[in-house]
Amino acid sequence: MTRTDQLTDVRSSPRRTVLISGASVAGPALAFWLNRHGYAVTVVEKAPSLRGGGYPIDVRGTALEVVRRMGILPRLRDAHIDLRRLTFLDPGGDEVTSLHPHAVTGGVAGRDLEVRRGDLTDALHTAVRDDVEFLFDDSVDTLDQTDHGVDVTFHGGGSRTFDMVFGADGMHSRTREMLFGPEEQFHRYLGYCFAVFTMRNTFGLSHETVMWNSPGRAAALYAVGDGDEVHAFLNFARPTPPLAAFRDPRAQRDLVSEVFAGAGWEVPGMLAALREAEDLFFDGVSQIRMPRWSSGRVALVGDAAYAPSFLTGQGTSLALVGAYMLAGCLADRDHVAGFAAYEHDTREFVTANQGLVGRGGATLFPTTARALERRNDRLRSLSAMPPAEGRPAHTALTLPDLPRPA
Ligand SMILES: Cc1cc2nc3c(=O)[nH]c(=O)nc-3n(C[C@H](O)[C@H](O)[C@H](O)COP(=O)(O)OP(=O)(O)OC[C@H]3O[C@@H](n4cnc5c(N)ncnc54)[C@H](O)[C@@H]3O)c2cc1C
């Protein structure tokens with residue numbers, strides 16, 4: 001079949017139906033673009049409603065063009081956090097240096113965006129909610145692929161058949177597990193764990209981050225505004241992943257308290273707040289690396305397929321760009337040709353961004369006193385001004401123009 005025959009064939013068929021699992025970043029972005037291309041889209045999300053949560057995330061490089069084409073760039077510009085200062089402290093709590101955050105992250109002032117995660121998910125959801133079916137408080141129980149579709153049973157009861165199913169359900173994706181087996185095969189643990197939670201801003205911090213380091217330990221306070229809340233972040237080196245703690249919030253609190261016992265600066269107060277925190281998020285610092293992102297009529301997008309870890313600051317941008325590319329590849333093709341094109345056209349960008357770890361990534365969290373001294377020397381020598389250009393990986397893909405909607 002020629003490309004023109006295939007196009008005519010695909011577009012003359014009845015409206016194709018798809019199910020997307022996950023309503024955070026990748027899910028609603030994919031829903032937006034697939035709806036644009038004429039698909040009937042359903043999104044299933046296990047949380048009872050759109051998850052808020054305000055830790056800051058970045059939208060950079062190529063991903064800025066995705067949100068511009070979605071029409072939500074002005075809204076995100078209004079929500080830009082504009083962190084103005086990143087101050088590093090030594091183990092005794094004395095200042096090492098104070099920089100513009102972009103000097104460390106490679107972001108570009110006036111162009112790249114940093115927004116509260118909840119502001120981004122809300123903007124994405126608002127852009128699609130009138131055109132797409134959302135099923136909150138539910139999830140996929142089983143997936144059964146046949147020649148003509150994917151039979152899905154839902155945890156909340158009922159079953160439906162879709163032409164395709166997409167896993168946008170994050171780093172610990174259940175869709176991936178159902179399709180490819182246990183996560184361990186694809187999970188690349190980077191040697192650190194972290195805990196984030198909110199606590200009262202009793203520090204007078206405003207639009208800034210302060211990070212305390214000792215070898216193998218980092219504690220940071222992010223004040224995304226002038227408000228009375230800060231995001232507390234505790235990151236520590238751990239050569240092997242503490243598997244039992246991942247499933248047990250009490251064990252997480254105990255482990256973090258044990259690791260940070262005796263630490264200086266504001267850490268004792270942070271540990272006290274950790275005990276009370278209702279929004280604790282604890283995980284290993286990891287990437288997902290897979291040789292393939294699809295199988296049959298099911299494909300993965302965002303962290304589910306290629307989580308790059310927060311060390312790269314590129315998880316959100318990869319999710320946005322991946323969603324755009326995947327939908328674009330399915331605009332005028334069936335799932336076989338479309339999924340092949342998605343992998344072919346997107347993998348280099350993903351690999352470049354996952355490769356940012358190591359180059360300014362984990363080196364922010366040295367594990368020995370010597371390495372910490374070297375890092376501090378390097379930070380002191382950085383210009384306090386943000387760079388004029390971002391990292392090449394951030395813009396390593398030029399978005400194709402999408403085929404016109406059917
Ligand atoms: C503490 C922290 C800091 C970060 N900082 C940054 C940063 O500075 N910059 C940056 O770019 N990125 C950052 N990230 C990463 C960023 O949040 C993710 O890369 C990005 O959100 C990926 O989006 P996603 O939609 O693929 O997955 P996720 O945001 O993980 O969303 C997955 C969604 O699927 C849902 N779900 C899960 N399982 C199921 C199921 N079985 N059925 C139905 N729904 C399900 C979840 O509830 C969730 O809504 C950070 C992440 C964390 C945790």
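Label reach from Asp279 (point 7 Å along Cα→C-beta): in region 183-226, amide nitrogens under 13 Å belong to 196-201, 222-225. Each listed q (0.07, 0.10, 0.13, 0.14 Å⁻¹) maps to a log10 I(q)/I(0) for the chain, found by the Debye formula over equal Cα scatterers with no solvent: -0.33, -0.68, -1.12, -1.28. In order along region 113-123, phi translates into HN-Hα couplings of 10, 10, 10, 5, 3, x, 5, 5, 5, 5, 5 Hz, rounded to whole numbers, per the Karplus curve 6.51 cos²θ - 1.76 cosθ + 1.60 with θ = phi - 60° and x for Gly and Pro. To the nearest 500 deg cm²/dmol, what mean residue ellipticity at 222 nm is calculated for the chain from DSSP H runs of n ≥ 4 alone, each contributing -39,500 (n - 2.57), summed and divided by the residues? Rounded to the nearest 500, the figure is -10000 deg cm²/dmol. At a Förster distance of 22 Å, what's the computed FRET efficiency of Ala109 paired with Asp377, Cβ-Cβ distance as r, to 0.05? So, using R0 = 22 Å, E works out to roughly 0.35. The smallest convex shape that holds all Cα atoms of region 236-314, its convex hull, gives 143 Å³ per residue. Take every DSSP beta bridge whose two residues both sit in the chain, then give the antiparallel share in percent to the nearest 5. Counting DSSP beta bridges with both partners in the chain, the antiparallel share is about 70 percent.
Each label point was placed 7 Å from the Cα along the Cα-to-Cβ direction; for Asp401 and Met290 their separation is 3.2 nm. Based on alpha carbons, the Rg and Dmax found for region 51-90 are 13.2, 43 Å.
Computed over Cα pairs, the Kirkwood radius of region 142-218 leads via Stokes-Einstein (1.002 mPa s, 20 °C) to a diffusion coefficient of 124 µm² per second. Enclosing the Cα atoms of region 190-286 in their convex hull gives a volume equal to 94 cubic angstrom per residue. In percent, rounded to a whole number, the relative contact order of region 286-372 is 28, using alpha-carbon pairs under 8 Å and six or more apart. The shape of region 240-373 can be summarised by an equivalent ellipsoid whose semi-axes, obtained from the alpha carbon gyration tensor, come to 38, 18, 12 Å from longest to shortest. Amide H to amide H, with H built 1.01 Å from N, Leu382 comes under 5 Å of no residue 5 or more places away or on another chain.
By the count of other C-beta atoms within 10 Å, a proxy for reagent exposure, Leu311, Leu300, Leu76 are ordered fewest to most as Leu76, Leu311, Leu300.
Only the coordinates and a few stated rules stand behind these numbers; no lab work does. Worth saying up front: this structure is predicted, and the values here are computed from it rather than measured. So basically every Cβ, Gly included, is an ideal-geometry build from the backbone, and we count neighbours across all protein chains shown.
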